[in-house]
1. Cβ-Cβ under 8 Å, sequence separation 6+ or interchain: first residue in region 12-24 and more than 15 Å from Thr128 (Cα to Cα), partner open to solvent by 100 Å² or more (accessible area, probe 1.4 Å) and of a type in the set (Lys, Arg). Which pairs?
2. Quick check, is Asp143 charged (D, E, K, R), over 14 Å from the mean Cα position of the chain (by Cα) and part of a helix (DSSP H, G or I)?
3. Sort out which residues of region 26-40 are open to solvent by 80 Å² or more (accessible area, probe 1.4 Å) and either in contact with a strand residue (DSSP E or B) (Cβ under 8 Å, 6 or more places away or on another chain) or in contact (Cβ under 8 Å) with a residue 12 or more places away in the chain (or both), and write them in order of number.
4. Which condition does Gly43 not pass, out of (1) touching a Lys or Arg at 6+ places or on another chain (Cβ under 7 Å); (2) surrounded by 10 or more Cβ atoms within 10 Å (Cβ to Cβ); (3) not aliphatic (A, V, I, L, M), if it passes all the others?
5. Restricting the search to region 93-134, which residues are modelled with pLDDT under 90, surrounded by fewer than 21 Cβ atoms within 10 Å (Cβ to Cβ) and under 19 Å from Asp18 (Cα atoms)?
6. Determine whether Pro176 is part of a loop (DSSP other than H, G, I, E, B), in contact with a helix residue (DSSP H, G or I) (Cβ under 9 Å, 6 or more places away or on another chain) and in contact (Cβ under 8 Å) with a residue 60 or more places away in the chain.
7. Just a yes or no: is a residue in region 153-161 within 18 Å of Cys42 (Cα to Cα), open to solvent by less than 70 Å² (accessible area, probe 1.4 Å) and touching a Lys or Arg at 6+ places or on another chain (Cβ under 8 Å)?
8. Which residue is farthest from the chain's Cα centre (by Cα), if the candidates are limited to region 14-25 and must be part of a helix (DSSP H, G or I) and surrounded by fewer than 17 Cβ atoms within 10 Å (Cβ to Cβ)?
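The values are calculated or read from the model by the stated rules, or taken from the named source; none is laboratory data. Model, not experiment: these values are computed from the prediction. Using ideal geometry, Cβ is built from the backbone for each residue, glycine included, and neighbour counts are taken over all protein chains shown. The accessibility values were calculated without ligands, DNA or RNA, using every heavy atom of the protein model including side chains. Shrake-Rupley method; radii C 1.70, N 1.55, O 1.52, S 1.80 Å.
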Amino acid sequence: GEMEGHHFLSMEFIDGEDLASLLRRIGRLSTDKGVEFARQICGGLYAAHEKGVVHLDLKPSNIMIDGRGKVRITDFGLAKCTDDDRLTKSGTILGTPNYMSPEQAMGQQVDYRSDIYGLGAVLYASITRRAPFEAPTSLQILDRLRNQKPQSILNLKPETPHWLVEIIEKLMARDPN
């Protein structure tokens, strides 16, 4: 909403757990559950993007699941409005390296497509039990993100349907176009 020229977000209390905790507790999501959660995340991203809001920090700990399995995106602390000049400012890196888009990692212009990449990274982690890029330091993660492709999902979980691997790879394409 907006009040006296200031924009704000209000969120409900969610009686549940975040996706990161769920993954630690149960391990990988089944293909069906991963796709179900991804569809709900897509709905949340669509609603935010329709309002001109880009999340920019989509990751398992920012995805809440209530007791009925309803998914919500949380922590819009880094979110930007698409009409905000800071959204297109180069040279600034914001977000969690393990899940950020290549354009975020390089401090380039970001938009809703950065959230699409983040969705792919969350789905990758949900299926494989690991982030697309892991390393001891954030700088090493950023270097891998800029210069490497993530390990193939089929190497980590061979039984993953090929159609799902193709979708995740498309979501995580290095070129946002």
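1. Glu17/Arg25
2. Spelling it out, Asp143 is indeed charged (D, E, K, R), over 14 Å from the mean Cα position of the chain (by Cα) and part of a helix (DSSP H, G or I).
3. Arg28
4. Tallying (1) touching a Lys or Arg at 6+ places or on another chain (Cβ under 7 Å); (2) surrounded by 10 or more Cβ atoms within 10 Å (Cβ to Cβ); (3) not aliphatic (A, V, I, L, M), Gly43 fails exactly one: (1).
5. Gly95, Thr96, Asn98
6. yes
7. no
8. Arg25
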